[in-house]
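Any read-out appearing in this document is the output of simple, stated calculations on the displayed coordinates, not a laboratory observation. Here the structure is a predicted model, which means the values were calculated and not measured. Positions of Cβ are backbone-derived with ideal geometry, glycine not excepted, and every protein chain shown enters the neighbour counts.
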Amino acid sequence: MTDSFSVPSDWYETFFDTPTMRFWEAAVPPAVTLADVAFIERHIGCRPPSRILDVPCGTGRHALALAQEGFTVTGVDLSSTWLERAQAQATAGGLAVQFVRANMLEFSAAPADGLICMGNSLGYFEPALTRQLFLKFASLVRAGGRLIIDTGICAESLLPLKAQRTIEFAGGTYEQEFRYDAMTSVLETRAQLTFQGERHPLLYRHFVMTSGELVRMLSAAGFEILGLHADGQDNAFAPGSPRLLLVARRKEGCQV
């Protein structure tokens, strides 16, 4: 993969289909989800049966686990394929999770006790829309409620950037080629997913931000930052940390 490529701005509307779902389920072991849920329970600031929004929820791995712990959970996602998988698992497990198909920029609901945005779901939108997303999150969380964001696209995690990377997992490989535009801080990725002998070309992009930029955006949206963590064990986030788990609280008296 060496020739040029172009990533459409609305790539996320069609990216999350059956092949990517199969890859995600094969590449993320249950232990990772359990560690994430343990982190959420320590930091979400509420107990079952409090109401939690999972935005976006994907196939519901966090939503289902939290429902199993007794929380009242609503999962929101744009992919009907992934939501069908989530609902099938909820039904099989006898879990009363509500799943809603919606763009996370447009979803509206009564404020919940907490909101989680897990699985590296930030960076899809340009900075102005990301600010709009954080205002949306503020409207979805009650005063004093918590927000937890999980992202691997902070500049401190990504840079310096390798030109290529291959991920091996049970049943296949995920080959990635990266291109970074320093003028716009956009990271474009061309990938080839090979799973059980089938090949699937993929294109996607992320707007890269520093952790400080995320903190400033969230503060402007009405959140107080409580902690920046590098993993589910509460280690501090620092340059080189592969992911950021950010915990924030919606400020009292915040108007959105």
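Net charge within 12 Å of residue 50 by Cβ-Cβ distance, Lys/Arg positive one each and Asp/Glu negative one each, not counting residue 50 itself? Show your work: numbers first, answer last.
Details: positive: 47, 51, 142, 146; negative: 41, 69, 113.
So the surrounding residues net to +1.
Placing dummy labels 7 Å off each Cα toward the beta-carbon, the span from residue 252 to residue 109 is 2.6 nm. Highest GNM mean-square fluctuation among 168, 84, 213, for the chain modelled with Cα contacts below 10 Å: 168.
Site pair residue 225 and residue 9 shows an inter-label distance of 2.8 nm when each label is modelled 7 Å from Cα along Cα→Cβ.
How far, in nm, would the chain grow between residue 184 and residue 163 when pulled straight, counting 0.36 nm per residue and subtracting the alpha carbon separation?
Values: separation 21, 0.36 × 21 = 7.56 nm, distance 1.78 nm.
Between residue 184 and residue 163, full extension yields an extra 5.8 nm.
Would you look at the GNM of the chain, springs on alpha carbons closer than 10 Å, and say which of 141, 76, 32 moves the most? Result for the chain, Cα springs under 10 Å: 32 fluctuates most. Just checking my list (1) 13.1; (2) 12.2; (3) 13.9 against mean projected area of the Cα convex hull in nm² computed from this structure; which label fits? Step by step, mean projected area of the Cα convex hull in nm² for this structure corresponds to label (1). Spin-label pair residue 101-residue 17: with each label point 7 Å from Cα along the Cα-Cβ axis, the two points sit 1.5 nm from one another. Amide H contacts under 5 Å for residue 121: 150, restricted to partners 5 or more places along the chain or on a different chain, H placed in the peptide plane at 1.01 Å from N.
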